[in-house]
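Structure first, commentary second.
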Amino acid sequence: MWNSPLPIDQWVSQAVDSFTYRYATAFDSITAFVQHIVGGLQSGLQWIPEWAFIIATSVFFVAAGGWRRMASWSLALFSIIGLGLVWNLGYWTDLIQTLSLVLAAEILVLLMGLPLGILSAKSRPVESVLRPVLDVMQTMPAFVYLVPAVIFFGLGLVPGVIATTIFALPPLIRLTALGIRQVPEELVEAAQSFGATWWQLLVKVQLPTAMPSIMAGVNQSIMLGLSMVVISAMIGAGGLGNVVLQGITQLDVGKGFVGGLCVVVLAILLDRMTQSINQWNKERHS
């Protein structure tokens, strides 16, 4: 009896098959919604000429960081050189596709992560339920997320976005909840004494005060999303991850290096952008 293994794999397979069959319409709706988001982002980004995109990115760093700061000009120069290199190498379309995937996943992360983070900060029972779930999500190997994404949504860009969203969700939930809990009690009491409703307290006091922590969660979720680019390419997500994957499967070191270099350029730019926005927000409220 003890030598016979439990048929856990069969139980899981049967449950997934039943779940997929029962909620097929819901999965089709989610697929259409994600395709609409990704398609809109790709169309909008591809509409912008390459040279205009590069100039706009460099201007953003100068404007957000302050035109007198050397760091802002350094980031602007890096964006010109880095994005210009991607354009020169012929991977601009792949970069736009990867950027669209990451931004679409981040939109979904924000739609789910902010409400869950607020609920976790406001309710101890919700926090008790979410904590072990988030622990499992953060310790689960990234490849595991591809399995349910493929089962429920097939192959292509949509399951890549879904897998990236799930993988990148926990940091935003945790840091949103942490930021709201760390709001000074004096501010909360002062707002309540002036008759603020719970919505006014949340929107005008707690969320603005917790914004640095929330932006840190946004930054981490974007970086985690980019780390899923290569893995998502294994299920047909495309983009720069597909370039790296081709380099691995074809044993083409040069192609893999160039694809990875383009991912690094995009990761650095997105990281510095979120940090610049966070710094600008701090200075505006100081």
- [ ] Given the conditions (1) under 21 Å from Q220 (Cβ atoms); (2) modelled with pLDDT under 85, report the number of the one that S286 does not fulfil.
- [x] (1)
TODO: List every residue pair whose Cβ atoms lie under 9 Å apart, where the two residues are 6 or more positions apart in sequence or sit on different chains, the first residue falls within the range 211-225 and is in contact (Cβ under 8 Å) with a residue 24 or more places away in the chain, and the second residue, located anywhere, is basic (K, R) and assigned to a helix (DSSP H, G or I).
DONE: M211/K282; P212/K282; G217/R174
Open item on the list: Looking at the range 112-129, can you tell me whether even one residue there is under 21 Å from V230 (Cα atoms) and modelled with pLDDT of 85 or more?
Closed with: no
Task: Filter pass, G154 being buried (at least 22 other Cβ atoms within 10 Å of the Cβ), touching a helix residue (DSSP H, G or I) at 6+ places or on another chain (Cβ under 9 Å) and not hydrophobic (A, V, I, L, M, F, W, C) - done: no
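Counting only residues that are in contact (Cβ under 8 Å) with a residue 24 or more places away in the chain and not aliphatic (A, V, I, L, M), which one in the range 107-144 is surrounded by the fewest Cβ atoms within 10 Å (Cβ to Cβ)? Walk me through it before giving the result.
If we filter the range 107-144 for residues that are in contact (Cβ under 8 Å) with a residue 24 or more places away in the chain, which is where we start, we get 107-110, 112-114, 116-118, 120-122, 127, 130, 134, 137-138, 142-143.
In the following step, the residues that additionally are not aliphatic (A, V, I, L, M) were identified as 113, 117, 120, 122, 127, 138, 143.
Details: G113: 26, G117: 26, S120: 24, K122: 15, E127: 15, Q138: 13, F143: 11.
Here the answer is F143.
Residues that are touching a residue at least 40 places away in the same chain (Cβ under 8 Å), under 19 Å from M273 (Cβ atoms) and surrounded by fewer than 15 Cβ atoms within 10 Å (Cβ to Cβ): does the range 80-99 have at least one? Before you say what the answer is, go through the steps one by one.
Our first condition is that a residue be touching a residue at least 40 places away in the same chain (Cβ under 8 Å); within the range 80-99, this holds for 82-83, 85-86, 89, 91-99.
Of the ones still in play, those that are also under 19 Å from M273 (Cβ atoms) are 82-83, 85-86, 92, 95-99.
Then drop every residue that is not surrounded by fewer than 15 Cβ atoms within 10 Å (Cβ to Cβ), which leaves 85.
Yes, some residue in the range 80-99 is touching a residue at least 40 places away in the same chain (Cβ under 8 Å), under 19 Å from M273 (Cβ atoms) and surrounded by fewer than 15 Cβ atoms within 10 Å (Cβ to Cβ).
Let's see how each residue does on (1) surrounded by 15 or more Cβ atoms within 10 Å (Cβ to Cβ); (2) modelled with pLDDT under 85:
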residue	(1), (2)
Q10	no, yes
A26	no, yes
V38	yes, no
F61	yes, yes
Open item on the list: Looking at the range 235-242, can you tell me whether even one residue there is surrounded by fewer than 19 Cβ atoms within 10 Å (Cβ to Cβ) and modelled with pLDDT of 85 or more?
Closed with: no
Task: Residues of the range 236-260 satisfying the condition of being free of Cβ contacts under 8 Å to residues at least 40 places away in the same chain and either part of a helix (DSSP H, G or I) or within 15 Å of the chain's Cα centre (by Cα) (or both) - done: V244, L245, Q246, G247, I248, T249, V253, G254, K255, G256, F257, G260
TODO: Might you check whether a residue that is in a helix (DSSP H, G or I), out of contact with any strand residue (DSSP E or B) (no Cβ under 7 Å at 6 or more places or on another chain), crowded, with 21+ Cβ neighbours inside 10 Å and not β-branched (V, I, T) occurs anywhere in the range 189-212?
DONE: yes
TODO: Find the residue count for the range 217-257, including only residues that are more than 26 Å from V150 (Cα to Cα) and in contact with a helix residue (DSSP H, G or I) (Cβ under 6 Å, 6 or more places away or on another chain).
DONE: 3
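The values are calculated or read from the model by the stated rules, or taken from the named source; none is laboratory data. Predicted model only: the values in this text are computed from it and were never measured. Neighbour counts run over all protein chains shown; Cβ positions are idealised from the backbone, glycine included.
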